[in-house]
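Participant: Let me begin by handing over the structure; questions about it come next.
The values are calculated or read from the model by the stated rules, or taken from the named source; none is laboratory data. Being a predicted model, the structure only gives us computed values, none of them experimental. A quick note on method: Cβ atoms are made from the backbone with ideal geometry, for glycine too, and the neighbour counts reach across all protein chains shown. With ligands, DNA and RNA removed, areas are computed over all heavy atoms of the protein, side chains included. Shrake-Rupley method; radii C 1.70, N 1.55, O 1.52, S 1.80 Å.
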Amino acid sequence: MSPIPLPSRAPLQQYSGAETPFDGFPDPARFSPEFGEAHFRAAARQTNDDPAPRLLSLHLRLPFDTAETAAPADPGRSRAYVHRLARECAIVAPLFDRDRDVVQLQLDGLGGELPDDLPGELLHAVSRYFFLSRSDAREFLIALPDGAQDSQSLAGLVDLGFNRLRLSTPPIAADGEPAARFARRVGDAREAGFRSIAVELRYACPSIGDTDFDAGLHRLLALRPDRIALRDEDASLHDRPPGERGLRHAIATRALLAADYEALGLDQFVLPQDDLARALRDGPLHCNGLGFAAQAPTDLIGLGVGARSRIGDTCFQSYAELAAWESSVDMGDLPVWRGLRLDDDQRLRSDVVQALLCTGRVDLDALRVQHGIVFAEYFRDELAALQPLRDADLLRLDAQQLQLGPQGRLALQAICAPFGATGRRS
């Protein structure tokens, strides 16, 4: 079989790895601590008063799988964190009208040593304050660390209402017992009734030879997970020449396309029958801080240490330090650390990025009517930066629209990056 052709390697090697997806637009580093609790409450009231208020997405962020915070590992302290998270729900939920159903939910940050009943305890607490949709179209995802949850526990998670699962994978070249254990987990998850199974494929493995990498990659593809995300998280590989770094990415991309996975964008690949693939073809597709979802746009509420929210045209982040977050919740306050209201330029850029991510095209006439700009003039610098991608037919521009080329989704990071650069105009 001849290799599947890929577009010009240079733009793909430089940009296609989505290390920082366009999720919470704009960059939280631009948020101000002067934009806090009062602004959050005002944003909730304003969106409640919209003629057709958006439904809700919830991000439940636990810190037990990362060293970012000084999160405790013992069961007693972990339950204390969950109890505080429930208190945060009790503070936040009344700000939003009850008819704003939660249609997307993500629970991540679980550690391997935490009690198996913790997700159920947390979801029960959340459901006391928010109305959690039971529709088949809901996107309720739980991310599990390696080795967590047996087959019976996985079935219990489905009974709780989770219908999406993200699993941590063993090293790509892992064989023997690690590979067999992971294959059993995928099989158990399917038997339990999860609607989709997602995995992250870390292709930056400098200690693994090409032959072993290829073998491990094809073992993973043989399991047919519904969704696969490519991730480059090995800092040691970043010191290597760009061509060497991009080779593994190109190998993985070619293998995914040969295995009939479809490129969603930002290094996300899905099987053709997955809900996200159907939404890409027929809509609706939305992208927020939780990734792509087969939903109309929602307002995102982040709960937990360092969680981010976007409510209408306002963005927020909770305290990233555990002690500060705990203190705020214990006092009955919203643990809002910093935030930002999008200005006209940022709203325009957000609309352009969302259109490219979710529909693959920007209607220039509609943009002119909504934002009062002539696209080619306003974005002349961005279009100049994108000229190499236009030359490679990854992006097309005419008088009516800006549109992805046939393989443009493989370079969405490169295409969206210039539009995501804010603050250069007054």
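Participant: Solvent-accessible area per residue for region 330-426 at a 1.4 Å probe radius, Å²? Intermediate values should be presented prior to the final figure.
Facilitator: Working: 4490 Å² over 97 residues.
On a per-residue basis, region 330-426 sits at 46 Å².
Participant: Each label point is 7 Å from the Cα along the Cα-to-Cβ direction; what then is the distance between the points at ARG98 and HIS218, in nm?
Facilitator: Once both label points are built, they end up 5.8 nm from each other.
Participant: What's the extension gain from VAL369 to ARG79 if we count 0.36 nm per residue and subtract their Cα-Cα distance? Don't skip to the answer; put the middle values down first.
Facilitator: Numbers: separation 290, 0.36 × 290 = 104.40 nm, distance 5.14 nm.
Taking VAL369 through ARG79 to full extension adds about 99.3 nm, to one decimal.
Participant: Specify whether the C-alpha gyration tensor of region 279-384 places it in the rounded, prolate or oblate class, a ≥ b ≥ c being the square roots of the eigenvalues: rounded for a/c under 1.5, otherwise prolate if a/b is larger than b/c and oblate if not.
Facilitator: Details: a/c = 3.13, a/b = 1.91, b/c = 1.64.
Prolate, because a/c is 1.5 or more and a/b exceeds b/c.
Participant: Sticking with this structure for a sec: I need the phi-derived Karplus couplings for region 85-99: 6.51 cos²θ - 1.76 cosθ + 1.60, θ = phi - 60°, integer Hz, Gly and Pro marked x.
Facilitator: Per residue, the Karplus-derived 3J(HN,Hα) values read 4, 5, 5, 4, 4, 5, 7, 7, 4, x, 6, 10, 4, 5, 7 Hz.
Participant: Explain nothing, just compute: Karplus ³J(HN,Hα) = 6.51 cos²θ - 1.76 cosθ + 1.60, θ = phi - 60°, for every residue of region 354-359 in order, whole Hz, x for Gly and Pro.
Facilitator: Karplus-based 3J(HN,Hα) across region 354-359 equals 4, 5, 5, 5, 9, 10 Hz.
Participant: Still on this structure, I have one more. Which order do the peptides 384-393, 193-202 take when ranked by the mean count of other beta-carbon atoms within 10 Å per residue, highest first? Walk me through the intermediate numbers first.
Facilitator: Details: 384-393: 15.4, 193-202: 18.8.
Per-residue Cβ counts within 10 Å, averaged per peptide and sorted highest first, yield 193-202, 384-393.
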